[in-house]
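Trainee: I have a structure here, written as structure tokens, and I will follow up with some questions on it.
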Amino acid sequence: MKTKFLWLIVFLFFAGCNYSSVVVVNSPNQNLKATFKIKKNDAIIHIKNKNSEAVKISAGNFKFDQALFPNGYTTESVHQFSKDTTWKPVYGERAQVSNHFNGIDITLGDAKEEDHRLHLVARVYDDGVAFRYKFDFPQGENPTLKKENTRFTLNGDYDAWVTNRAQGRYDKKPLSKINKDIERPLVIEQNNRSYLALGEAALVDYARMKFSRDPEDSVSLVTQLDSEVDLKKAHDQTSWRYVMVADSSAHLLQNNDLVLNLNRPNQLADVTWIKPGKVIREVTLTTQGGLACVDFAAQHNLQYVEFDAGWYGPESSKNSDASTITVDPRRSSGPLDLHKIIEYGKQKGVGIILYVNHLALEQQMDELFPLYEKWGVKGLKFGFVNVGSQKWTSWLHKAVRKAAEYHLMVDIHDEYRPTGYSRTYPNLMTQEGIRGDEESPSLHQTLATLFTRMMAGAGDYTNCFFTPRVSKDMGGKTAQMAKAVMLYSPWQFLFWYDRPQASPHKTGGAGSSQSIIKPIPALSFYEKLPTVWDDSRIIEGNIGKFATVARKSGDAWFIGSLTAQEARTVKIPLKFLEDNSSYEATIYYQDKDALEKDEVEIRSQDVDKKSVIEQELMKDSGVAVIMTKR
């Protein structure tokens with residue numbers, strides 16, 4: 001055999017057989033097996049992990065606006081293929097990504113309608129199975145897909161971490177208690193040695209998929225699309241659907257590169273202008289506040305200042321003109337000379353990011369993007385964009401591509417969740433679609449988010465540090481430091497509600513902060529913190545309870561660890577360090593007294609790969625570590 005994987009195709013045409021073909025594809029390491037069974041009116045995919053059934057998928061039960069495949073499916077051909085490559089992202093959680101899978105393309109036709117075909121394309125990785133549908137219809141024919149009806153059936157009523165909204169809170173509940181419109185990725189615990197993640201990748205011109213429970217089967221989930229789909233506009237294909245499989249929640253998160261692998265490679269010839277970095281949010285919308293933020297950013301090694309909603313008028317008004325600097329008086333306590341701040345930022349090596357609401361983007365995008373490039377703006381934060389339907393999904397990704405034409409990086413806020421498009425257009429730096437610190441979640445929620453939402457890609461967690469919102473329930477200051485390591489984002493907003501001392505002391509805007517940033521020794525952590533990484537290790541984790549993540553940048557390693565609801569002593573073995581090398585570990589922590597005083601303790605110790613860092617963590621707290629090579 002020329003291929004490296006177990007391959008079995010059996011065509012069953014004898015009387016009384018239910019299948020027209022059965023195909024078995026193993027993962028490269030042979031631990032995961034996908035069996036494809038083609039029936040007259042269905043295509044079944046069985047996924048097994050080490051001889052234990054993970055999930056059964058019923059595919060091909062489409063509902064169109066016209067009668068297609070009225071005589072059922074027949075297998076016309078089966079094409080096998082495999083791939084084993086590595087690629088280097090422009091930025092990411094690691095310097096290179098492995099893309100190793102065994103694949104299959106099954107061509108299905110109608111027994112009597114020779115001009116209609118469906119391709120079931122699948123990839124079997126060591127850590128998951130992905131599949132998508134491709135349609136081949138006669139020229140000039142343009143059917144509308146009304147329902148996809150892909151069904152995922154489990155073999156038990158397992159617990160899942162569920163939220164109905166991209167920024168909603170997570171609840172742990174059995175599959176039988178799930179209602180409609182559950183966000184993806186959906187993480188399911190079969191047992192303490194088997195975890196699954198069901199999700200969507202490469203959503204570009206299709207309609208968003210969510211899950212609902214099948215009313216006729218309490219352990220089956222059915223795909224729900226946010227709109228009908230014009231298949232021609234979707235390039236005659238669906239987004240990828242995937243099932244990730246791992247023996248722990250930590251390993252599930254470790255393997256989240258699968259989502260990127262299902263997307264097209266980088267389409268930008270020049271990426272030198274794309275710069276990850278740390279951000280402070282400017283909330284006073286004044287010249288004084290903007291200059292103060294630039295000074296603070298330059299002093300503490302931040303790369304960007306972001307001007308939030310209101311700099312061009314009320315964001316929710318269609319009459320607000322985002323080509324002008326016309327400050328909403330409800331959000332500002334003084335004048336704003338934005339051009340002066342942009343020029344001052346250039347002198348200090350600090351870029352400016354502008355918030356633009358979807359209303360202005362929809363009306364003025366073609367005018368705004370070249371104008372902002374002329375101004376010297378480095379990036380945009382899209383606000384309250386419409387998401388879900390095919391129309392708005394296509395519009396949004398078109399806007400990302402359009403921004404790239406004018407060298408503008410993008411952060412998409414509110415309900416948008418990533419499906420890997422940052423690989424294809426890396427000017428899409430980050431996005432919300434997350435219940436971040438802007439909403440003051442508990443550490444229990446943060447640790448649920450880490451192992452669910454963060455499976456999908458970078459998350460703008462709106463980190464806070466000085467603001468009073470950093471309550472004990474949110475873990476205190478060292479927990480905020482740990483989050484900046486653990487919750488990956490190439491643009492890290494580290495001071496969401498915080499303002500430098502030189503900023504105006506009062507603002508009139510809703511949600512504005514009265515926090516004043518006072519330089520303290522603990523800020524040395526953020527000064528050294530990168531936002532993109534050469535390597536990442538999920539050391540340990542239990543969803544909603546605790547986690548430890550280590551990430552490498554150059555010769556330095558950064559560690560974040562959190563615990564929620566219960567105190568624990570975290571022990572971090574440093575086996576990932578280089579052989580025959582010594583490091584200085586700087587540990588930022590808060591014991592009981594420090595938490596009550598809102599102070600950060602700092603200690604140092606020498607370590608090597610035989611060492612174990614040990615730290616007692618109070619309930620709802622965290623620790624952050626920097627290890628620099630000597």
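The values are calculated or read from the model by the stated rules, or taken from the named source; none is laboratory data. Note that the structure is predicted; figures quoted are calculated from it, not measured. All Cβ positions, even for glycine, are placed from backbone atoms using ideal geometry, and neighbour counts span all protein chains on display.
Quick grid of which residues meet (1) under 21 Å from the mean Cα position of the chain (by Cα); (2) buried (at least 21 other Cβ atoms within 10 Å of the Cβ):
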| position | (1), (2) |
| --- | --- |
| S248 | yes, no |
| L258 | yes, yes |
| N261 | yes, yes |
| T272 | no, no |
| K278 | yes, yes |
| E282 | no, yes |
| A298 | no, no |
| G310 | no, yes |
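Trainee: Also, quick follow-up: Of N542, N580, which residue is surrounded by fewer than 24 Cβ atoms within 10 Å (Cβ to Cβ), in the same structural domain as Q605 (by TED's automatic domain parsing) and either touching a residue at least 40 places away in the same chain (Cβ under 8 Å) or touching a strand residue (DSSP E or B) at 6+ places or on another chain (Cβ under 8 Å) (or both)? Break it down into steps so the answer makes sense when it comes.
Mentor: Details: N580 fails: either touching a residue at least 40 places away in the same chain (Cβ under 8 Å) or touching a strand residue (DSSP E or B) at 6+ places or on another chain (Cβ under 8 Å) (or both).
Exactly one residue qualifies, and that residue is N542.
Trainee: Before we move on, is E599 surrounded by fewer than 22 Cβ atoms within 10 Å (Cβ to Cβ) and part of a loop (DSSP other than H, G, I, E, B)?
Mentor: yes
Trainee: Could you check the stretch 128-138 and list, in sequence order, the residues that are surrounded by fewer than 16 Cβ atoms within 10 Å (Cβ to Cβ) and under 30 Å from S194 (Cα atoms)?
Mentor: Of everything in the stretch 128-138, nothing turns out to be surrounded by fewer than 16 Cβ atoms within 10 Å (Cβ to Cβ) and under 30 Å from S194 (Cα atoms).
Trainee: Name the single residue that is farthest from Q445 (Cα to Cα) among those in the stretch 139-162 being crowded, with 21+ Cβ neighbours inside 10 Å and of a type in the set (V, I, T).
Mentor: The residue in question is T150.
Trainee: Name the residues in the stretch 445-464 that are surrounded by 23 or more Cβ atoms within 10 Å (Cβ to Cβ) and part of a loop (DSSP other than H, G, I, E, B), would you?
Mentor: F451, T452, A456, G457, A458, D460, Y461, N463, C464
Trainee: Next up: In the stretch 24-66, which residues are surrounded by fewer than 17 Cβ atoms within 10 Å (Cβ to Cβ), at pLDDT 85 or above and in a loop (DSSP other than H, G, I, E, B)?
Mentor: N29, Q30, N31, D42, N61, D65, Q66
Residue by residue, here is whether (1) of a type in the set (S, T, N, Q); (2) modelled with pLDDT under 95; (3) under 26 Å from A250 (Cα atoms); (4) not assigned by TED's automatic domain parsing to the domain that holds G475 holds:
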residue	(1), (2), (3), (4)
R568	no, no, yes, yes
K571	no, no, yes, yes
L574	no, no, yes, yes
E584	no, no, no, yes
Q590	yes, no, yes, yes
K597	no, yes, no, yes
K610	no, no, yes, yes
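To keep it simple, each residue is scored yes or no on (1) crowded, with 22+ Cβ neighbours inside 10 Å; (2) under 30 Å from T284 (Cβ atoms).
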residue	(1), (2)
S471	no, yes
A479	yes, yes
K483	yes, yes
L487	yes, yes
V549	yes, no
D555	no, no
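Trainee: Just to be sure I understand, how many residues within the stretch 67-82 are free of Cβ contacts under 8 Å to residues at least 40 places away in the same chain and surrounded by 13 or more Cβ atoms within 10 Å (Cβ to Cβ)?
Mentor: 1
Trainee: Take the conditions basic (K, R) and either closer than 22 Å to F546 by Cβ or touching a Gly at 6+ places or on another chain (Cβ under 8 Å) (or both) and apply them to K629. Does it pass? Show your work before the answer.
Mentor: On the way: basic (K, R): yes; either closer than 22 Å to F546 by Cβ or touching a Gly at 6+ places or on another chain (Cβ under 8 Å) (or both): no.
No; evaluated as a whole, the condition is false for this residue.
Trainee: Here is a follow-up. Among the listed residues E216, E189, E141, which satisfies the condition of being farther than 22 Å from L262 by Cβ, modelled with pLDDT of 95 or more and charged (D, E, K, R)?
Mentor: Only one candidate qualifies: E189.
Trainee: Of the residues K483, K477, K398, which single one is of a type outside the set (A, V, I, L, M, F, W, C), closer than 24 Å to D366 by Cα and assigned to a helix (DSSP H, G or I)?
Mentor: Step by step, each of K483, K477, K398 is checked, and only K398 is of a type outside the set (A, V, I, L, M, F, W, C), closer than 24 Å to D366 by Cα and assigned to a helix (DSSP H, G or I).
Trainee: Can you find even one residue in the stretch 233-242 that is modelled with pLDDT under 95, more than 19 Å from the chain's Cα centre (by Cα) and not acidic (D, E)?
Mentor: No.
Trainee: Also, I was wondering about something else. Check every one of the strands (runs of 3 or more DSSP E) wholly within the stretch 123-181 and list those with 2 or more residues that are farther than 23 Å from F101 by Cβ, touching a helix residue (DSSP H, G or I) at 6+ places or on another chain (Cβ under 8 Å) and in contact (Cβ under 8 Å) with a residue 24 or more places away in the chain.
Mentor: Counting at least 2 such residues, we get 159-162.
Trainee: On to the next question. Taking T85 and the conditions (1) in contact (Cβ under 8 Å) with a residue 24 or more places away in the chain; (2) closer than 27 Å to L253 by Cβ; (3) β-branched (V, I, T), which numbered condition does it fall short on, given that it satisfies the others?
Mentor: Here T85 meets the rest and fails (1).
Trainee: Then there is this: Might you let me know whether the stretch 324-333 holds any residue that is closer than 20 Å to F495 by Cα and of a type in the set (A, V, I, L, M)?
Mentor: no
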